[in-house]
Structure formats: C-alpha cells, structure tokens
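Some notes on the structure that comes next.
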Amino acid sequence: MDAQKLEHFRQLLTEQLRQRTQSARENQSDALEFAANDDGVKDVADQSVKDVSQEIEYRLSERDSQAIADIDQALMRIDEGTYGVCARCGKEIPERRLEAVPTARYDAECQSIVEQNKGEDEHATL
Ligand SMILES: [Zn+2]
C-alpha cells in the first residue's frame with residue numbers, strides 16, 4: 001500500500017477514534033446523570049435501578065473500549081507497515097474492504113474462517 005493510501009486510512013481511523021472517544025464520554029455522563037437522579041429516590045426499587053444503570057454503563061463502555069482498542073491496533077499496524085495485510089494468510093486485504101472496515105485484520109475469506117474457528121481457537125489456547 002502506498003503512503004498516500006496509508007495516510008487516507010490513518011485519517012479515517014483517527015476520525016473514528018475521535019467519534020468513539022466522544023461517544024464513550026457521552027455514554028458515561030448519561031449513565032452518571034441517571035445514577036445521580038436515582039439517588040433522590042429512597043425506594044426499595046432504588047438499588048435494582050442503580051444496578052441496571054451500572055450494567056448498561058459497563059456494557060456500553062466495554063463495547064466502546066473494544067472498538068477503541070481495534071482502532072488503536074489498526075493505527076499501530078499503519079506505523080509498523082503491516083496495515084492492510086491479512087494477519088492469517090499474509091495476502092493484501094482488498095481496499096474496498098478496508099474502506100468499509102478500516103480496522104479489518106483479515107481478508108473476507110480468513111475472517112469467516114477465524115469466526116468459524118473462534119470457539120476451537122479459544123479452546124486450543126487453554
Ligand atoms: Zn487472509
């Protein structure tokens with residue numbers, strides 16, 4: 001991949017990272033606001049509502065942090081010069097796919113193999 005294209009994907013990823021970081025912050029403050037309002041109600045149901053809001057916050061931040069980690073890793077691969085190369089078979093990932101999924105680590109073929117084998121792989125590492 002030439003430097004100009006790498007720069008294009010770097011910008012795409014940086015923009016995604018910015019949006020993700022922003023949405024993570026918004027989700028967090030929404031959840032905090034919800035929890036704060038919650039404190040005014042001294043009710044038996046209070047605790048369970050608080051648990052639910054904490055659960056929602058946890059799930060959102062987990063999803064966001066996973067996405068942020070994926071983007072971070074893709075940016076690292078740009079720096080290392082391995083961006084756009086399938087981590088499984090070593091072939092170049094089609095640019096069309098990278099445009100759709102800039103964080104893609106595999107080409108479409110390997111992605112489906114990796115997803116199919118996910119359970120087995122996790123088992124094998126134990
Ligand atoms: Zn591959």
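Taking (1) over 17 Å from the mean Cα position of the chain (by Cα); (2) within 15 Å of the ligand (Cβ to nearest atom); (3) at pLDDT 90 or above in turn, ASN117 satisfies each apart from (3). Within the stretch 48-89, the set of residues being touching a Phe, Trp or Tyr at 6+ places or on another chain (Cβ under 7 Å) and not in a helix (DSSP H, G or I) comprises TYR83, CYS86, ALA87, ARG88. If you go through the stretch 56-98 and keep only what is in contact with a strand residue (DSSP E or B) (Cβ under 7 Å, 6 or more places away or on another chain) and either among the acidic types (Asp, Glu) or away from the ligand (no atom under 13 Å from the Cβ) (or both), you end up with just GLU92.
The values are calculated or read from the model by the stated rules, or taken from the named source; none is laboratory data. Keep in mind it's a predicted model, so treat the numbers as computed, not measured. Cβ atoms come from the backbone with ideal geometry, glycine included; neighbour counts cover every protein chain shown.
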